[in-house]
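Enquirer: Let me begin by handing over the structure; questions about it come next.
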Amino acid sequence: MNKGDYAFLIASPEKALCDLIANSSKVILRYMKDVEIYLEQDIRMDMDEFYNMDATIFEDYINVGKKADSISTLLKFLRR
């Protein structure tokens, strides 16, 4: 995206969620209940929006990003 003399990138909601999890040292999603609590209570995610997210972005992030185990649990939660 460009605005005047500046250019910048905007992350997709999926990438932003992965980055939030990966860069939060206290977030460890080992169980489905952990994901549910994190999404609904900690970050107050709109669950309808979450269930419409693109699973392939989470799959790609698991292969190259940090906290692959937590993102994998998140993906399992999305697919249930």
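Enquirer: Consider Met45 carefully, then state whether it is in a loop (DSSP other than H, G, I, E, B), hydrophobic (A, V, I, L, M, F, W, C) and touching a Pro at 6+ places or on another chain (Cβ under 7 Å). Reasoning before the result, please.
Expert: Working: in a loop (DSSP other than H, G, I, E, B): yes; hydrophobic (A, V, I, L, M, F, W, C): yes; touching a Pro at 6+ places or on another chain (Cβ under 7 Å): no.
So Met45 fails the test.
Enquirer: Give the residues of the stretch 1-31 that are over 14 Å from the mean Cα position of the chain (by Cα) and within 18 Å of Lys67 (Cβ to Cβ), sorted by residue number.
Expert: Filtering the stretch 1-31 for residues over 14 Å from the mean Cα position of the chain (by Cα) gives 1-10, 25-26, 30-31.
Within the stretch 1-31, Ser25, Lys26, Arg30, Tyr31 qualify.
Enquirer: Mind listing whichever residues of the stretch 56-73 are surrounded by 12 or more Cβ atoms within 10 Å (Cβ to Cβ) and either under 11 Å from Glu14 (Cα atoms) or free of Cβ contacts under 8 Å to residues at least 24 places away in the same chain (or both)?
Expert: Selection gives Ile57, Phe58, Glu59, Asp60, Tyr61, Ile62, Ala68, Ile71, Ser72.
Enquirer: Going through the stretch 7-41 one residue at a time, which ones are among the small types (Gly, Ala, Ser), surrounded by 12 or more Cβ atoms within 10 Å (Cβ to Cβ) and outside any loop (DSSP other than H, G, I, E, B)?
Expert: Correct list: Ala22 only.
Taken together, the values in this text are just the output of simple stated rules run on the coordinates, not laboratory data. If you're wondering where the values come from, they're calculated on a predicted model, not measured in any experiment. Because the Cβ atoms are built from the backbone with ideal geometry, glycine has one as well, and the counts that use them run over all protein chains shown.
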